[in-house]
Amino acid sequence: MEYRKIKDEDNDGGGRDANDLESLRGKPLSAISNVAASAGERSKWKRKSMVTLALTVLTSSQAILIVWSKRAGKYEYSVTTANFLVETLKCALSLAALARIWSSEGVTEDNRLSTTLDEVIVYPIPAALYLVKNLLQYYIFAYVDAPGYQILKNLNIISTGVLYRIILKKKLSEIQWAAFILLCCGCTTAQLNSNSDHVLQTPFQGWVMAIVMALLSGFAGVYTEAIIKKRPSRNINVQNFWLYVFGMAFNAVAIVIQDFDAVMNKGFFHGYSLITVLMILNHALSGIAVSMVMKYADNIVKVYSTSVAMLLTAVVSVFLFGFHLSLAFFLGATVVSVSVYLQSAGKLQR
């Protein structure tokens, strides 16, 4: 009986397949291609949704974890060793991705690690810029809180846009220039302080550090994009690998210069906690997520992630750090979100 039942089910399945083939047999190739395109769109949407969710969670938790890793207002661990481990982990993740590609597709000219000096010599510049920017992001929290950092972090959109115009000779639309002005207004509004003699919550040093970080991030991002697009067929994991290798080298130099005695006397992992480990994982995965956005998604994903991350960071900071969610901050965050959207819309309309 069981055998007959299974056989009948197989026959039914075969009949369904045959009926499906019959239904497609009389139809034009365009109908078949539409079915395939629909399946591809669903897969693309699912992948984009996963990347968006991952980037949103990672972006919103980045500043929170840095602040949370402090003890009595200080970092008990060495920030240079933390940065070194971030670059090491990103390098290992890139190698793991390449190993998977090699096992499925084989080693090709575009995914092999071996390269020429002319190709590799360009990576030290963005690696050095990211080193300084990543170190500054620890010290800026002496002057700003986590939600304020998420707001000021958007200043790199302005530096990126201006550097696009200067370095890559890309023309900016009027909407994008208007978005830059809105962004400045939004950042300033979010920092307004009505409970103090100071007009802004963030002191002058914090604004200087935020502007320097924005310039470094913008220049490094534009330079890295120019490298990637110089050889578009090159596997992005290979390009990331060489960038992270130089990042590891520069961070090792930073350890020797800044924290050599502390590392030798107290150990490489002195002061590390579970929060520190989570912060390192967050930074490493954020770098990979941005690469995935470049490959599988688009600017709208970055806009959505940035806007939601600002609000999530503010809400979580209310419970963890007693952050006061003022009307000025809410209005400023809204203006920043609109400006980020307009900047992306202006890019699409060019």
Provide the gained length on full extension for the span Ala328 to Val107, in nm with one decimal, where the gain is 0.36 nm per separating residue minus the Cα-Cα distance. 74.1 nm
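Pairs Lys90/Lys230; Lys90/Lys170; Lys46/Lys153; Lys74/Lys266; Lys90/Lys169; Lys170/Lys230: which are spaced more than 24 Å apart, C-alpha to C-alpha? The partial results should precede the final answer.
Numbers: Lys90/Lys230 22 Å; Lys90/Lys170 30 Å; Lys46/Lys153 28 Å; Lys74/Lys266 16 Å; Lys90/Lys169 31 Å; Lys170/Lys230 16 Å.
Pairs exceeding the cut-off: Lys90/Lys170; Lys46/Lys153; Lys90/Lys169.
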The stretch 104-119 - phi-based ³J(HN,Hα) in whole Hz, Karplus 6.51/-1.76/1.60, Gly and Pro as x: 8, 10, x, 8, 10, 5, 8, 10, 7, 6, 4, 8, 10, 5, 4, 6
Determine the distance separating the Cα centre of the stretch 88-102 from the Cα centre of the stretch 255-270; give it in Å without decimals. 28 Å
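Subtract the Cα-Cα distance of Ile175 and Val318 from 0.36 nm times their separation in residues, and report this length gain in nm to one decimal.
Working: separation 143, 0.36 × 143 = 51.48 nm, distance 3.41 nm.
Additional length available on full extension: 48.1 nm.
Note down the net charge around Pro124, summing +1 for each Lys or Arg and -1 for each Asp or Glu among other residues with Cβ under 14 Å from its Cβ. Each step should come with its number before you reach the end.
Working: positive: none; negative: Glu87, Asp118, Glu119.
Within the 14 Å Cβ shell, the charges total -3.
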If you roll a 1.4 Å probe over the stretch 197-249 with all protein chains in place, what percent of the accessible area is carbon or sulfur? 71 percent
Hz values of 3J(HN,Hα) by residue in the stretch 157-162 - Karplus curve (6.51, -1.76, 1.60), Gly and Pro given as x: 5, 5, 4, 5, x, 5
Starting from the Cα-Cα distance between Gln205 and Ala226, subtract it from 0.36 nm times their residue separation and give me the gain in nm to one decimal. 4.4 nm
³J(HN,Hα) computed for each position of the stretch 320-329 - Karplus, 6.51 cos²θ - 1.76 cosθ + 1.60, integer Hz, glycine/proline x: 7, 10, x, 5, 8, 7, 7, 5, 4, 5
Can you compute the modelled spin-label distance between Ile166 and His270, with each label point 7 Å from Cα toward Cβ, in nm? 4.1 nm
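With a cut-off of at most 16 other beta carbons within 10 Å, and DSSP calling the residue loop, which chymotrypsin sites (Phe, Trp or Tyr not before Pro) in the stretch 207-294 qualify? Please list them. Could the numbers behind the result be given before it?
Values: sites: Trp207, Phe219, Tyr223, Phe241, Trp242, Tyr244, Phe246, Phe250, Phe260, Phe268, Phe269, Tyr272; in loops: Phe268, Phe269, Tyr272.
Counting only loop positions with at most 16 other Cβ atoms within 10 Å, the chymotrypsin sites (Phe, Trp or Tyr not before Pro) in the stretch 207-294 are Phe268, Phe269.
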Unit charges on C-beta of K, R, D, E only; dipole of the stretch 166-284, Debye: 740 debye
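The values are calculated or read from the model by the stated rules, or taken from the named source; none is laboratory data. Note that this is a predicted model, so its numbers are computed, not measured. When we count neighbours, we look across all protein chains shown, and the Cβ atoms used for this are built from the backbone with ideal geometry, even at glycine. SASA here: full protein model, heavy atoms, side chains in, ligands and nucleic acids out. Shrake-Rupley method; radii C 1.70, N 1.55, O 1.52, S 1.80 Å.
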